[in-house]
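*Asks:* Quick one: the structure is below, and I'll ask about it shortly.
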């Protein structure tokens, strides 16, 4: 109703089902002076669906509402420790995205909603293409 009153046009990008795994690094702290990020222990999650602005994930009770996380696909893992990790072998080759940052905005026992707060333009184009191909 408000959109009709104020003539608001909403962009509809769509959510697509996306069955994949990603590696996740929880952000513990950020030092503004040195611009240094400090991460916690990594873990993997299952992606249920994705859009340009959010993703729905399955988790193992290792996240909480408000957490800031960095999501990485196999393509974005470069650290020597990551490449030796057993989880690295379980990650699929597709989608090939750079790392992106999201915030947990809701959570229940098995799933959580993530608002994407930083994603590179090239990755946005990749997600747009995936969405258009699924329609």
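None of the figures in this text is laboratory data; all of them are computed from the coordinates on show. Quick caveat: nothing in here was measured; it's all calculated off a predicted structure. Ideal geometry is used to build each Cβ from the backbone, glycine not excepted, and the neighbour counts take in all protein chains shown.
*Asks:* Which ordering of 23, 42 is given by a fewest-first count of other beta-carbon atoms within 10 Å?
*Replies:* Working: 23 22, 42 18.
By the 10 Å Cβ count, ascending: 42, 23.
*Asks:* List 50, 22 from most exposed to least, where exposure is judged by having the fewest other Cβ atoms within 10 Å. Mind dumping the intermediate values first?
*Replies:* Numbers: 50 24, 22 27.
Placing the least packed residue first, the sequence is 50, 22.
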